Amino acid sequence: MLSRVEKINDFVVRLANVNGSGSASANRIFARSIIRMGVPVGSRNIFPSNIQGLPTWYEVRVSGAGHLGRRGGYDMMVAMNPQTWDKDVAGIDAGGYLFYDSTKPMPSSKFREDITVIGMPLTEICNKQYSDPRQRQLFKNIMYVGALDALLGIETDVTEVLIKELYKGKDKLIAPNIEALHIGRDYAEKNLKGAVGLKVKRASAVGDRILIEGNAAAALGCVYGGATVAAWYPITPSTSVAEAFASYCKKLRVGEDGNNYAIVQAEDELAAIGVVIGAGWNGARAFTATSGPGISLMQEFIGLAYFAEIPAVLIDVQRGGPSTGMPTRTQQSDLLSAAFASHGDTRHVLLFPADPKEAFEMSSLALDLADRLQTPIFVMTDLDIGMNEWLVEPLQWDDNKKMDRGKVMTHADLEAGKDFGRYLDVDGDGIPFRTYPGTHPTKGAYFTRGTSRDRYARYTEEGPVYVDNMERLLKKFETAKSLVPGPIRQDAPKTTKYGVIYFGSSTAAMDEAILTLNEKNILLDRLRIRAYPFNDTVIDFIKHHDRVYVVEQNRDAQLKTLLLDTGKVDPQKLISVLHYDGNPVTARFIVNDISLKSGLETSLKESV
Amino acid sequence: MTYITKPKLHHPKLPVNALGFTHRDYEGSVSTLCAGCGHDSISAAIIQACFEIDLPPHRLAKLSGIGCSSKTPTYFLGQSHGFNTVHGRMPSVLTGANLANRDLIYMGVSGDGDSASIGLGQFAHCIRRGVNMVYIVENNGVYGLTKGQFSATADKGSKSKKGVANPDSPMDLVSLALIAGASFVGRSFSGDKRQLVELIKAAIGHQGSAFLDVISPCIAFNNHAGSTKSFDYVREHNEAANALEFLEGRQEITIDHDPGTTVNVTQHDGSVLRLRKLAEDHDPTDRTSVMNFIQRHNARGEIVTGLLYVEPDSEDLHHRLGVTKRPLNSLSDAELCPGSGALQKINEGLR
Ligand SMILES: Cc1ncc(C[n+]2csc(CCOP(=O)(O)OP(=O)(O)O)c2C)c(N)n1
Ligand code: SF4
Ligand SMILES: [Mg+2]
């Protein structure tokens with residue numbers, strides 16, 4: 001007897017489509033309908049670097065419990081792409097469901113015994129209904145959304161409202177879309193009733209949360225953080241940061257006599273970072289958004305900004321390397337190239353947002369930190385955070401907060417006779433004062449160069465003077481430790497000698513994995529790292545545990561490398577859990593890998 | 001090696017300008033370039049020009065790339081902020097600086113290696129964008145600082161110090177600047193101080209991308225027979241297209257004696273460029289004809305100098321981007337941060 005997965009508000013649906021077929025907006029409506037019913041959803045696009053024709057997938061994690069990371073595996077496949085059929089069908093969890101277009105008969109060998117197969121002649125229905133080929137294609141998408149509504153118990157009214165919102169302003173599209181929705185739903189009601197054991201049940205687990213992409217959130221963080229200059233060069237997956245910044249600025253930053261911002265689409269990433277550094281040198285808050293290949297091109301300039309102590313913010317939306325590699329796949333693999341970017345002895349501050357809300361907060365914080373520390377600050381997001389819509393708590397802003405412009409000597413300071421040495425450590429924190437060009441007619445001007453200058457910015461090539469400056473830069477990096485966001489620790493229900501460290505977009509999957517691990521009696525204290533340089537508590541955490549798993553989405557254990565470089569801890573203690581196939585890490589992967597490495601065997605179904 | 005500042009003692013009889021500054025106040029630290037290097041004459045011309053137009057030194061920011069030429073900003077305007085950036089990338093840094101504060105004057109100093117070789121892209125794109133600046137290339141046909149390799153402006157057939165002929169075609173920065181849309185283009189020679197000073201003054205008064213290609217012989221590596229960038233060669237082949245006199249707005253403009261050969265061009269800031277025509281076939285306000293003019297003279301092996309092209313009412317990057325008239329680096333929290341109310345509305349739109 002076929003056993004069926006029967007679940008309420010806790011399952012994964014994956015939709016397989018062809019890129020450019022218009023499925024994206026239909027899929028979004030599907031996911032949003034569930035959210036509007038008060039059930040949290042984590043949705044992700046898995047897409048190729050291509051405009052039309054290649055396979056794409058959309059994964060919808062429905063979780064009343066609020067797990068928004070990828071679980072791993074899927075309970076239902078909506079198979080709309082014949083190209084990927086075999087793989088799509090093979091990936092369904094046992095007892096799961098296959099929904100497909102049954103217009104063309106399929107040999108039975110193409111199906112599986114242990115799943116429920118639900119056919120609907122979508123093409124046939126569309127061909128009957130519409131004569132225009134483009135309409136046939138587009139309405140097919142919304143038609144399967146209608147069928148899914150019926151199969152999963154999603155209220156059609158909710159979906160209708162979303163269609164109306166989507167086509168607001170293009171009102172003549174509303175009626176035909178709603179009609180197609182109804183055709184799909186009615187067919188499923190009539191012919192497929194009860195075929196699926198997965199159900200969406202109205203709940204109130206969403207609250208006032210919002211849906212936002214990390215790139216838009218980061219851009220908004222730059223608006224709120226006071227960035228006035230943005231320079232960028234298009235590169236997936238970072239492009240929409242600059243685009244969102246432009247559109248938010250148009251709404252929020254136009255003053256009486258013109259724009260209170262300037263955006264330059266540069267000729268390449270070298271120029272983009274050059275513009276940012278020039279603006280930072282001259283007292284404007286500036287940022288660039290890029291991805292790994294762009295960071296590679298910016299290396300020389302990043303070193304200059306480090307040595308010349310110029311504020312700059314870089315939003316690195318990480319992807320799989322190299323340039324011709326996996327531009328549309330996610331990874332956390334730029335940690336080392338960012339942390340030590342450039343030649344000579346350099347070290348940079350990195351921030352690790354876990355979701356779009358933190359991308360917002362950390363982007364604005366980065367602008368403060370850049371001014372405070374007078375150095376480049378990297379906001380290390382990734383494609384998963386940047387290009388997917390995440391359900392997060394509403395963004396918040398404290399109106400009492402003022403921008404921290406750092407140590408800047410003013411005209412009045414100089415008039416009062418304050419001693420100005422551009423590279424003079426007056427406060428013992430390694431951070432010197434600077435002046436903006438044009439401040440004072442006779443005082444405070446200095447010549448900026450990387451090194452070869454003394455504390456008063458006077459040219460010298462003396463060795464001890466160089467060393468003195470380098471030591472101060474290290475001290476400044478120490479100061480950074482106390483200014484960056486500290487780690488977040490959550491302890492296991494019972495005392496344990498084991499721990500796990502993770503960061504960024506692995507957080508959502510980790511939050512889910514920890515519950516399963518608890519059930520399996522693998523108890524772990526958790527530490528989420530939010531910045532480099534690491535706060536001392538990070539190293540203490542490692543010291544106080546016998547074994548610490550380090551979860552990261554790269555091959556070479558880059559976070560672990562940074563941890564070992566920072567703290568004198570026993571390398572044997574740190575056990576890597578590495579996921580780097582380009583798709584976001586799943587809870588099941590983490591559970592499986594940690595279980596295996598703890599000496600326990602498990603086999604939760606993984607799939608990409 | 002350590003810096004040497006110049007003593008600040010003033011001779012009481014030193015002439016002062018309208019700001020009460022002497023020539024000395026526009027100088028920087030002592031040059032460490034080779035004695036006789038063309039670049040030092042350009043620094044002297046910059047000092048002279050700024051002194052003559054009564055420029056408050058702190059209202060100018062000087063930026064450079066890397067090379068002997070790019071070292072020179074230390075040797076002039078010691079009261080100005082300066083930035084020695086990376087090789088070939090000064091234009092982007094200058095662009096960013098300019099965006100941050102539109103009220104300052106930006107002077108970019110570069111070499112032919114810096115701008116025509118490694119930095120060709122940034123050079124062209126910066127000009128394309130109409131960044132309001134004076135961009136000076138101190139052009140000696142070689143990489144001085146790395147000891148005499150040919151740069152991209154070296155003429156085909158020009159001989160190196162060791163006697164090897166350059167096999168590649170030269171990059172003519174003046175032509176490139178015109179193609180890229182520069183709104184002020186001049187060429188001069190470090191050995192012609194009067195012409196250079198007037199060009200610099202005019203370029204500072206220009207609103208938009210002003211480019212000056214200044215042939216500046218390298219005494220150490222490119223001043224021998226067979227080189228087309230030596231003092232002797234440039235003197236022999238110099239063809240001035242016009243003689244420029246820069247008149248500040250407040251000066252009275254007198255009637256032309258010979259109206260057929262003299263034109264007055266009024267710039268945005270009210271300054272007037274009085275151009276006495278020396279070449280018959282040159283119209284400095286017609287970009288296409290100027291490009292032809294330059295190609296014709298290049299083909300004859302002549303080095304045309306003077307104010308080659310000017311578009312008096314050009315618009316700069318800030319204008320193109322619609323940026324506020326106030327410096328971006330001076331905007332307040334209230335002007336920059338939309339506040340929690342606006343965020344509330346954004347949140348509402350995302351549910
Ligand atoms: C990235 C990089 N590559 C190479 C160099 C070495 N370098 C220093 S100056 C220079 C050439 C400078 O030539 P130019 O701009 O013509 O200046 P000049 O010394 O002739 O005035 C080179 C290649 C460098 N500083 N940086
Ligand atoms: S090497 Fe040439 S360019 Fe450099 S300082 Fe000497 S003469 Fe001038
Ligand atoms: Mg040179």
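All of the numbers you see were taken from the coordinates with simple rules; none came from a lab. Every value quoted in this text rests on a predicted model; they were computed, and no experiment measured them. Backbone-built Cβ (ideal geometry, glycine too); neighbour counts: all protein chains shown.
Miscellaneous remarks
- Cβ crowding within 10 Å ranks A:Thr290, A:Thr346, A:Thr56, A:Thr496 as A:Thr496, A:Thr346, A:Thr56, A:Thr290, fewest other Cβ atoms first.
- Tensor-based shape of chain B (alpha-carbon gyration tensor, a/c under 1.5 rounded, otherwise prolate or oblate): rounded
- The trypsin sites (Lys or Arg not before Pro) of segment A:76-165 that DSSP puts in a loop, and whose beta carbon has at most 16 other beta carbons within 10 Å, are A:Arg112.
- For a label point 7 Å along the Cα-to-beta-carbon line of A:Asp427, residues of segment A:524-557 with backbone N under 19 Å: A:533
- Scanning chain B for GluC sites (Glu not before Pro) in DSSP loops with at most 15 neighbouring Cβ atoms within 10 Å leaves B:1-247 as the longest stretch between them.
- With a Förster radius of 60 Å applied to the C-beta separation of A:Glu179 and B:Arg296, the computed FRET efficiency comes to 0.25.
- With the biggest extent put first, the Cα atoms of chain A measure 86, 62, 43 Å across the principal axes.
- Over 24 Å (Cα to Cα) - which of B:Lys71/B:Lys229; A:Lys443/A:Lys475; A:Lys494/A:Lys520 fall in this group: A:Lys443/A:Lys475
- Restricting segment A:541-586 to trypsin sites (Lys or Arg not before Pro) that sit in a DSSP loop and have at most 11 other Cβ atoms within 10 Å of their own Cβ leaves A:Lys568.
- Shape analysis of segment A:1-145 based on the Cα gyration tensor places the equivalent ellipsoid semi-axes at 23, 20, 15 Å, largest first.
- The phi torsions of segment B:87-99, fed into the Karplus equation with coefficients 6.51, -1.76 and 1.60 and a -60° offset, translate into couplings of 4, x, 10, 4, x, 5, 5, 4, 4, x, 4, 4, 5 Hz, rounded to whole numbers, with Gly and Pro shown as x.
- Cα Rg over Rh - segment A:483-608, Kirkwood: 0.93
- Estimated [θ] at 222 nm from DSSP helical runs (n ≥ 4, -39500 (n - 2.57)) normalised by residues in chain A, nearest 500: -11500 deg cm²/dmol
- Tilt relative to chain B, helix B:38-52 - C-alpha long axis, 0 to 90 degrees, to 10: 50 degrees
- Phi angles of segment A:60-67 translate, via the Karplus equation with coefficients 6.51, -1.76, 1.60 and θ = phi - 60°, into HN-Hα couplings of 10, 9, 9, 8, x, 6, x, 7 Hz per residue; Gly and Pro are given as x.
- Average Cα contact separation per residue, chain A, under 8 Å, 6 or more apart, as relative contact order %: 13 percent
- Spin-label model distance (nm) - B:Ser332 vs A:Ser482, 7 Å beyond Cα toward Cβ: 3.2 nm
- Taking label points 7 Å from Cα along the Cα-to-Cβ direction, A:Asp546 and B:Ser289 give a separation of 9.1 nm.
- Taking only the C-alpha atoms of segment A:411-483, Rg followed by Dmax gives 13.1, 37 Å.
- Rounded to the nearest whole Hz, the Karplus-based 3J(HN,Hα) values (6.51 cos²θ - 1.76 cosθ + 1.60, θ = phi - 60°) of segment A:482-493 follow the sequence 8, 9, 7, x, x, x, 10, 10, 9, 8, 5, x, with x at glycine and proline.
- Shown for segment A:7-199: lysine pairs separated by 8 or more places, or found on different chains, whose C-alpha atoms are under 21 Å apart, numbering 17.
- Relative exposure of B:Ile294, B:Ile136, A:Ile142, judged by other C-beta atoms within 10 Å (fewest first): B:Ile294, A:Ile142, B:Ile136
- Long pairs among A:Lys357/A:Lys402; A:Lys250/B:Lys345; A:Lys357/A:Lys573, criterion Cα-Cα beyond 25 Å: A:Lys357/A:Lys573
- Long-range amide H partners of B:Ser158 with built H, under 5 Å: B:Asn166
- A:Thr495-A:Asp536 FRET efficiency (beta carbon distance; Förster radius 25 Å; 0.05 resolution): 0.70
- Long-range amide H partners of A:Gly255 with built H, under 5 Å: A:Asn260
- Relative to its residue count, segment A:14-71 spans a Cα convex hull of 65 Å³ per residue.
- Each eigenvalue of the Cα gyration tensor of segment A:287-392, multiplied by 5 and square-rooted, gives one semi-axis; in descending order these are 22, 18, 9 Å.
- Ellipsoid fit via the Cα gyration tensor, segment B:1-157: semi-axes of 27, 20, 12 Å, each the root of five times an eigenvalue, largest first.
- Once each of the GluC sites (Glu not before Pro) sitting in a DSSP loop with at most 13 other beta-carbon atoms within 10 Å is removed, chain A keeps A:257-460 as its longest stretch.
- Counting every other Cβ atom within 10 Å of each residue's Cβ, A:Ile273, A:Ile118, A:Ile310 order from fewest to most as A:Ile118, A:Ile310, A:Ile273.
- Mean separation of Cα contacts under 8 Å, 6 or more apart, over the residue count of segment A:488-597: relative contact order %: 32 percent
- Estimated 222 nm signal from helices in chain B, with DSSP H stretches of n ≥ 4 weighted -39500 (n - 2.57), rounded to 500: -8000 deg cm²/dmol
- Rel. contact order, % - alpha carbon contacts under 8 angstrom, at least six apart, chain B: 15 percent
- Cα-projected label distance for A:Lys573 with A:Lys520, points at 7 Å along beta-carbon direction, nm: 2.4 nm
- Loop-located chymotrypsin sites (Phe, Trp or Tyr not before Pro) in segment A:424-524 (DSSP state other than H, G, I, E, B) with a sparse environment of at most 16 neighbouring Cβ atoms within 10 Å: A:Tyr456.
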